[in-house]
Amino acid sequence: MKGTDYELFASVILEVNINKTLDYGVPKELVDQVKPGMKVTVPLRGRPQVGFIHELKSTCDYVPVQPIKSLSSSDKLITEEVFELALWMARYYCTPLNKVLKAILPSTIRKDGQHKQQLSVTRNKTREDLASYCVSIRNRYPKQAEVLDAMLTVKKGILLTELQEIVGCQRGPINTLAKNGYLSIDTVRVDRSPLENAEYFKTKPKTLNPDQAKALHNILQSLEAQRFETHLLYGVTGSGKTEVYLQAIDRALQLNKGTIMLVPEISLTPQTVERFRSRFEGQIAILHHRLSQGERFDEWHKIKEGRAKIVIGARSAIFCPLPDVGLIIVDEEHESSYKQSEEAPCYNARDIAVMRGLKSNSSVILGSATPSLESFYNAKTGKYTLSKLDNRANNAYKPKVKIVDMKHEYAKSKGFTNFCEELLDGIKKRQKLGEQTILFLNRRGYHTVLMCKSCGEAIRCEHCDVSLTYHKMTSLLACHLCGFTRPKPAFCPKCKSPETMQFKGVGTEQVEKSLYAIFPDIRIIRLDADTTRHKGSHQKLLREFGTGKADVLIGTQMVAKGLHFPQVTLVGVLNSDATLNMPDFRASETVFQLITQVSGRSGRGSLPGEVIIQSCMSENRTIQLAAEQDYDAFYEEEVVSRDYFNYPPFQKLVKVCFSGTNQELTHKLAVRWSQLLVNGLSKEYEVYPVVASGYAKVKDRFRYHLLVRGPSVSPINHVLTKVSEHLKKPKDIKVLFDIDTLSTYF
């Protein structure tokens, strides 16, 4: 139906929780200004609301229609390409479009952040005129003369605050010189760049070996043809995948195309940025959650305005407003940190990268030494183009790997020990030679549990279903899920027995102290969530280790991937089998990837490397294959098991999560959902029974989930949408759809 008062209508997505677009009339004075993707203010139930224009049209679905009140942005904040991506995400991840847009746009952009402005001082006359005037006033006005002395050495301009600091004066002398026409004071926009003052060295492209050259050739064929193609770059650790990325990016720049480079951990960002700046100075922007709001605002606009052609960041960087995207790289594509699982949309940035590549006719590179089974299956079946790098770059050899059975070590030491003899000898040897060691333990803290010897009760979090971890630095027991802390109790809370409390389990903090006790003069850096809380701490600690200021780097998953330290010749994996006992279909894959990745940190330079894997399950096939770094053999064995049990990549897996403060009501709702899903889906889809999640309570909320498995996501999404529309739920209970879930346990 055509409106009577408007010639143009806008379909608007509001930021409030309404799962559909609403139509508004475009006033005549705004007709020439409105564009899809613009931020607007519109009325809803008598109140102004913020939204984004989805599309413009000449007809309206209903009358009377309310008008757009104002444009909140003078330009498009969401490009057509990213809008299309958002629409696909809303359908695939079964999430309201307004929630998808919140994931796509940083909060500082949604909330109208501002560019930082400062005063800049420039010369208003020639250097000769300034020098002459300076001589004439030096005795009468010495401070003005000092200002002119400083300005004579400036290339173009200088910030007013910097000039005042150099001269050591107030604004008076500078204002006087500006009033007399010798200087100009103007307002300028200042970018709050996270790259400011970062150190780097210029490098040149390296000569590629035959495998690298072949992989690059495959990538450039689709890049130069501006044809969508997904390349799986599967190369052993240290095989030179990064050099292939760099030379592909160089070609993209020559074609005037932009590149998005995703890394899984913020800890990898400093090293990645340093390598990329060494080739592409002045063309890089960074996006991740550790940036300040101002830095993120400036970097986002730098990308949108085309002042940066290369974007490096964590998973949300895939949504950046980079124009003319030609290349998308997902490094360590197998990493679980690319998956958002705690809030909707539960997207996987790797899959979004492939979809954005499709919508922008870009070449997509998925790189890994241990690809996810899904990606390798796609390469094996021809969906992706496979390029293999079988050898380490620069003629480096794979490290020598040894598995040590810790049961024998416990027997020799007549009790528990953190380190086998071979590992201690290896650390001592490296320290004497000036080489370095990395120790990997995927548990932080000092002790992982405090329990009563009398009744066996462990001290648990008051708000979560998890044991508290003891941190010696703070002398507190802490919950790693909600942050709750408490002092160590004097007696058991359950049986009240005094002096029966006993610490068990080992974390990175205890490993650090134990190593100091054995080698008092050793220099250690610990890299975990406790030591990297502050901004810039990752960069600082890794730079210290990289410049040889420590002999040993102890860490959690942060040290297991992507890091390149040529002086590291020994890696110790302290507890390789902890995750194997997890009741999760990806447990073996996760353990294989972790061991292989951390082993790959050894021997990356000209020096030979060694890896010592400590395990109580030394005969386990996964650990043995990881020690051999034989991914192909692991894949062939694991894929048979996945096929037999109908797990991904052979079937789609969706997890529906429920959480609420009332345990009984939450469980009842989950069971009701299960019944409705069974009734709504055909027999080729299987709905698993409702179970408590691996962490059954987090932040005082009880958690349950059910799994749905079948050949396609679309029918599952259809039924999920129908059930959520018709089944009323208490306000306190949250329901979350985790499409393509990575875990059947947590």
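FYI, it's all coordinate maths here, none of it is from the lab. From a predicted model like this one, the values you see are computed outputs, not experimental measurements. Note that each Cβ is placed from the backbone with ideal geometry, even for glycine, and that neighbours are counted across all protein chains shown.
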Can you put HIS534, HIS718 in order, fewest other beta carbons within 10 Å first? HIS534, HIS718
Dipole magnitude of the chain about its Cα centre (Cβ charges: Lys, Arg +1; Asp, Glu -1), debye to nearest 20: 1520
Would you please put 724-735, 698-709, 321-332 in order of how densely packed they are, using the mean number of other Cβ atoms within 10 angstrom per residue and starting with the highest? 321-332, 698-709, 724-735
Students often get this wrong, so check it: of LYS655/LYS722; LYS414/LYS504; LYS380/LYS683; LYS407/LYS472, which have C-alpha atoms separated by over 19 Å? LYS380/LYS683; LYS407/LYS472
What nm distance separates the two modelled labels at ASN662 and GLN254, each placed 7 Å from Cα along Cα→Cβ? 6.7
Cys in the chain lacking any partner Cβ under 4.7 Å -> CYS60, CYS94, CYS134, CYS169, CYS320, CYS346, CYS420, CYS482, CYS616, CYS657
Packing rank of 254-263, 230-239, 272-281, where each peptide gets the mean count of other beta carbons within 10 Å, highest leading: 230-239, 254-263, 272-281
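Quick one: work out Rg over Rh on the C-alpha atoms of segment 645-746, Rh as Kirkwood radius. Don't jump to the answer; show the numbers that get you there.
Values: Rg = 13.0 Å, Rh = 13.7 Å.
That ratio is 0.95, to two decimals.
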Mean Cβ count within 10 Å, highest first, over the residues of peptides 89-96, 630-637: 89-96, 630-637
Cα centroid separation - segment 716-746 against segment 270-307, whole Å: 36
In whole Å, what is the distance between the alpha-carbon centres of segment 312-327 and segment 631-654? 31
Quick one: grab Rg to one decimal and Dmax as a whole number for segment 525-611, Cα atoms only, in Å. 14.0, 41
Simple Cβ-charge dipole of segment 9-110, Lys/Arg +1 and Asp/Glu -1, about Cα centre, in debye nearest 20: 400
At q = 0.23, 0.24, 0.33 Å⁻¹, what log₁₀ I(q)/I(0) does segment 532-577 have when each alpha carbon counts as one equal point scatterer in the Debye sum? -0.95, -1.02, -1.49
Whole-Å distance linking the alpha carbon centroid of segment 119-145 with that of segment 78-109 is 55
For LYS179, go through the lysines and keep the ones whose alpha-carbon is under 21 Å away, minus same-chain ones fewer than eight residues off. LYS125, LYS143, LYS156
Value of [θ]222 nm, deg cm²/dmol, for the chain, DSSP H segments ≥ 4, -39500 (n - 2.57) each, nearest 500: -10000 deg cm²/dmol
Convex hull volume per residue in cubic angstrom - Cα atoms of the chain: 228
Looking at PHE319, ALA353, TYR245, which one has the Cα that reaches farthest to the positive end of the dipole of the chain (charges on Cβ: Lys, Arg +1; Asp, Glu -1)? PHE319
Under the Debye formula (equal points on every Cα, no solvent term), log10 I(q)/I(0) of segment 210-394 at q = 0.16 Å⁻¹: -0.95
Among the Cα-Cα pairs of segment 116-190, the proportion with separation greater than 21 Å, in percent, is 16
Considering every Cα-Cα pair within segment 576-718, what fraction, in whole percent, is farther apart than 26 Å? 46
Over 20 Å between C-alpha atoms is what I'm after, so list which of LYS202/LYS561; LYS20/LYS57; LYS204/LYS241 land there. LYS202/LYS561
